[in-house]
Amino acid sequence: MRRHLALLLLVAAACQGACNESRGAGGAAVSGEEFVTLPAGAGVDEVLEVVDGLRKGEGLDTPGHRVFYFVILRDGDRHGPAYRHGAFHAVVGAGVTLPEGALAIRRVWAASGQVDGKNEEPERWGVSVAVEPGAGKPYAEKVVAAAGTFAEALSRRIPLHPDCVLAMGDVAYTNPHAADPAEKELGNAVRARVPVPAPDGQVLIRTGDRQIRVDVERRSGDGIRVGMMFRTRFDGEDRGMLFEYPHAAERQFWMRNCRIPIDVAYVNRGRVERIWTMEPAFGTDQRDLRHYPSDTVADKALEMPAGWFERNGVKRGDGISVAGQ
């Protein structure tokens with residue numbers, strides 16, 4: 001199997017951008033943008049072998065390239081794979097044109113602008129998983145398992161949180177968008193396959209004669225804009241998210257796509273400058289969002305569960321530093 005996959009990847013690389021047609025499982029023509037079709041029952045390691053090859057072949061591992069934070073689950077590839085965005089997506093076979101549970105991994109996917117042009121973050125920073133058109137509902141067990149396997153494999157390579165596995169009905173639209181019960185059930189099943197990511201850093205907070213150590217997810221670049229979008233919780237009372245900027249400047253946060261209240265402390269040169277408790281704004285039009293400014297320059301921001309700073313006596317002038325730095 002490994003040799004078979006390696007050969008398929010070599011063929012895909014050789015005709016990258018030029019192949020107009022490839023063959024899916026069973027020899028059926030599937031897409032003009034196909035990389036490989038994995039058979040029903042393919043495991044996480046087999047999917048990872050393909051994904052790793054695509055990430056390298058498409059330049060997705062190069063410094064400064066967009067990092068993905070979401071998986072978007074769709075019914076029937078409803079928007080169509082019509083927008084090249086330097087990524088890849090998967091179509092799950094449902095026994096219509098692809099064998100039930102097969103995974104067709106393709107080069108293009110429906111990307112930014114599909115969410116009425118005003119809420120494109122999940123698609124801009126996401127990888128799409130579409131169940132092929134004509135699938136019976138509720139989705140068959142093999143279909144659900146294949147979508148879950150793909151998302152679980154991605155979670156080993158990208159900072160994917162279970163809450164960021166989204167059915168289309170989970171995304172707040174400015175215009176009404178019908179939620180498909182089958183998509184919602186698929187979302188619940190796939191989220192259960194994705195583990196909560198481990199923290200990748202710690203911060204030390206010094207207040208009075210006390211020192212508090214907090215586990216954090218560290219975010220920079222595009223990850224700053226994504227932040228806690230769609231998350232329904234922090235993964236622990238003393239766990240937060242640290243945003244690190246390349247230089248100090250005046251900052252402002254908003255709560256686009258955020259479901260829960262969040263505390264934020266703006267930090268400059270290791271000193272807390274401003275603390276806000278920000279209210280959720282899930283489904284709020286971007287024009288109506290409240291902004292929470294730093295009021296001075298900041299080179300970091302620390303988000304914690306709402307009320308955390310007050311409960312722990314942290315205030316303006318206290319120290320915050322990254323452990324080990």
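Some points to look at:
- Exactly one residue out of A153, A167, A135, A146 is modelled with pLDDT under 95, touching a Leu at 6+ places or on another chain (Cβ under 9 Å) and crowded, with 20+ Cβ neighbours inside 10 Å, and it is A167.
- W276 being without any contact (Cβ under 8 Å) to a residue 24 or more places away in the chain and surrounded by 15 or more Cβ atoms within 10 Å (Cβ to Cβ): yes
- Single match in G324, G307 (criterion: surrounded by fewer than 18 Cβ atoms within 10 Å (Cβ to Cβ), more than 21 Å from D235 (Cα to Cα) and not hydrophobic (A, V, I, L, M, F, W, C)): G324
- The one condition in (1) crowded, with 17+ Cβ neighbours inside 10 Å; (2) of a type in the set (D, E, K, R); (3) modelled with pLDDT under 95 that R231 fails to fulfil: (3)
- Where V44 falls short, out of the listed (1) within 30 Å of G283 (Cβ to Cβ); (2) modelled with pLDDT of 65 or more: (1)
- Which numbered condition A179 fails, given (1) within 28 Å of S155 (Cβ to Cβ); (2) of a type in the set (A, V, I, L, M, F, W, C); (3) in contact (Cβ under 8 Å) with a residue 60 or more places away in the chain: (3)
- Evaluation of P162 against (1) at pLDDT 95 or above; (2) closer than 21 Å to E46 by Cα (one fails), failing number: (2)
The values are calculated or read from the model by the stated rules, or taken from the named source; none is laboratory data. For clarity, every value in this text was computed on a predicted model and none was experimentally measured. Heads up, the Cβs are rebuilt from the backbone with ideal geometry, glycines too, and the neighbour counts pull from every protein chain shown.
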